[in-house]
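Inspection log for the structure reproduced underneath, given as structure tokens.
Where a number appears in this text, it was derived from the coordinates with a stated rule and is not lab data. What you see is a predicted model, and the numbers here were worked out from it, not measured in a lab. Cβ placement follows ideal geometry from the backbone for every residue including glycine, while neighbour counts extend to all protein chains displayed.
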Amino acid sequence: MDFKLSEREELLRKSIAEFAQREIVPLVEEMEKTGEFPRSLIKKMGDIGLLGLVTSPEYGGNGMGFLARAIAIEEVSKVSGAVGLALQVHHMACWPIETWGTEEQKKKYLPRLTNGETLGACSITEPSGGSDVFGLQTTAREEGNYWIINGRKCFATNSHVADVIVTVARTGEDEKGRPAFSAFIVEPSFPGFSLGREEHKMGFRGAFTGELIYNDCKVPKENLLGKIGEGLRIGLATVNRVGRSGMASVGVGLCYASLEEASKFAKERVLYGKPISNLQAIQFMLADIFALAETARWLTYRAAWMMDQEMPCDTEMTLAKLVATENAFQCARLACDIHGGYSAIQEYPVQRYLRDAWVSIPSGGTSQVAKVVLGRHVIKNF
Ligand SMILES: Cc1cc2nc3c(=O)[nH]c(=O)nc-3n(C[C@H](O)[C@H](O)[C@H](O)COP(=O)(O)OP(=O)(O)OC[C@H]3O[C@@H](n4cnc5c(N)ncnc54)[C@H](O)[C@@H]3O)c2cc1C
């Protein structure tokens, strides 16, 4: 067992941290105001390799893998959870295309997803319920050289900025009579596609979240991703392995952002003639934040490392996501406590961490659903 990051991973952390300070920090205020993703950032993220972390070099990525991705998303999320979310969902478009795509699909879509031309989206959730995958209503039927998709997706991250969308729709029934799904690669320029409402969120402001509408949308046959009927497997594997590990890393970034701000404030705020960091009650809260942050980080790194080793890791991903996003909320709550009344004032970023952490909990699957998965694991294995 080796807990030491490689020189390459340490270097990556340093360069992404510098990039985040230089390129993302100046954008945060405007993102909070408008709720819009800064398009100018996409090319810059492509140039520094953030968009191609889980894509092989032959398709334009750098293939650094999931542990490197965890470190990179953590560093980005320390300054902006919204950019962390947008980035992690972007990888949820790249990974299934490389894993299940045809050679033509990989050559067509991956270079443009990694070089900074566009962001990707992975849109599964519908108004009929995100947790209930068999309740998805969007359909796709074959007609000549096209698949015709009808339905409405909601909560799609990068909705109003992505040019490549991985989605799933019902295409029939499986042998047990349950709905069967297939996956597709959709471009917003396809006839019958339109953007629906853009949500105004309390947290992750600056990451687009919106509706995608398919009204007899004509998707060329060659844009079927994987085989007919394989959509649920593709969608769930992407959510479990890429989505959950990505949200866990966003959570870790938020945990450490809270830790740094809480410690800084405690050392600067003077009460009774001394910094409040002298008060044991404050030290206990700092210790709690530290413990929550370290727990989240190491569970997340373990799950990402297992993914890189191609080990089965769905349980570890789910555990990391549950712990990291819940801990992010607790860390932000404690950091707000330490700030007293100042936590309510917008100049102090801890209120943003609290809002972002709250929204991170359902993103990628709720904590209750994660506990259903983990509960089953415990009953089976212990
Ligand atoms: C900021 C943000 C970004 C997102 N980005 C994307 C994206 O890019 N792509 C995408 O496809 N989706 C995305 N989502 C959607 C997200 O995956 C869903 O919100 C999530 O899966 C929950 O679905 P829901 O909101 O419909 O809640 P519901 O499924 O309606 O759940 C309602 C309640 O029921 C509980 N519940 C449901 N099933 C069970 C069960 N079996 N046992 C116990 N309790 C249960 C839930 O825990 C919750 O408390 C995003 C969400 C957010 C908030």
Practice problem: Set Lys and Arg Cβ to +1 and Asp and Glu Cβ to -1, take the dipole of the stretch 122-228 about its Cα centre, and tell me which of Ala183, Cys217, Ile124 lies farthest positive. | Solution: Ile124
Quiz item: How high is the FRET efficiency from Glu142 to Glu32, r the C-beta distance, R0 41 Å, rounded to 0.05?
Solution: 0.35
Practice problem: Please go through the residue pairs Lys44/Lys153; Lys321/Lys371; Lys44/Lys106 and name each one whose alpha carbons sit more than 19 Å apart in this structure. | Solution: Lys44/Lys153; Lys44/Lys106
Self-check item: Spatial separation of Cα centroids for the stretch 155-189 and the stretch 112-149, in angstrom
Solution: 2
Self-check item: the chain - Rg and Dmax from Cα coordinates, angstrom
Solution: 20.9, 79
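Set the Förster distance to 35 Å, then compute FRET efficiency between Glu7 and Ser40 from the Cβ-Cβ distance, nearest 0.05.
Efficiency for this residue pair is about 0.65.
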Practice problem: At 20 °C and 1.002 mPa s, grab the translational diffusion coefficient of the stretch 56-194 from Stokes-Einstein with a Kirkwood Rh over Cα pairs, rounded to a whole number in µm² per second. | Solution: 132
Self-check item: Gyration tensor verdict on the stretch 7-119 (Cα atoms; rounded if a/c is under 1.5, prolate if a/b is larger than b/c, oblate otherwise)
Solution: oblate
Quiz prompt | Between 0 and 90°, nearest 10: helix 314-339 axis offset from the chain longest Cα axis | solution = 40
Quiz item: Dipole magnitude of the chain about its Cα centre, charges +1 at Lys/Arg Cβ and -1 at Asp/Glu Cβ only, in debye to the nearest 20?
Solution: 480
Quiz item: Which ordering of Asp216, Asp163, Asp337 is given by a fewest-first count of other beta-carbon atoms within 10 Å?
Solution: Asp216, Asp337, Asp163
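How large, in Å, is the stretch 233-381 by the Kirkwood hydrodynamic radius built from its alpha-carbon pairs?
Taking the inverse mean of 1/r over all distinct Cα pairs, the stretch 233-381 comes out at 16.0 Å.
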Exercise. Mind sorting Trp100, Trp298, Trp147 by how few other Cβ atoms lie within 10 Å of their own Cβ, fewest first?
Key: Trp298, Trp100, Trp147
Quiz item: Over the stretch 183-280, one equal point on each Cα, no solvent: what is log10 I(q)/I(0) by the Debye formula at q = 0.19 Å⁻¹?
Solution: -1.11
Quiz item: Taking the Cα atoms only, what angle lies between the long axis of helix 367-381 and the longest principal axis of the chain, rounded to 10 degrees?
Solution: 80
Exercise. Could you state the angle between the C-alpha long axis of helix 66-79 and the longest principal axis of the C-alpha atoms of the chain, as a value from 0 to 90 degrees rounded to the nearest 10?
Key: 60
Quiz item: Roughly how many Å is it from the Cα centre of the stretch 58-106 to that of the stretch 199-216, as a whole number?
Solution: 20
Self-check item: Where a label projected 7 Å from the Cα of Lys371 along Cα→Cβ would reach, residues of the stretch 320-337 with amide N under 15 Å
Solution: 322-327
Self-check item: Compactness index (Cα Rg / 2.2 N^0.38 Å), the stretch 122-228
Solution: 1.06
Quiz item: Whole-Hz Karplus ³J(HN,Hα) for the stretch 172-180, in order, using 6.51 cos²θ - 1.76 cosθ + 1.60 and θ = phi - 60°, x for Gly and Pro?
Solution: x, 10, 8, 5, 8, x, 8, x, 10
Self-check item: Distance from the stretch 341-362 to the stretch 289-333 (C-alpha centre basis), Å
Solution: 21
Practice problem: Within the set of other residues whose C-beta is less than 12 Å from the C-beta of Thr325, count the net charge using Lys and Arg as +1 and Asp and Glu as -1. | Solution: 0
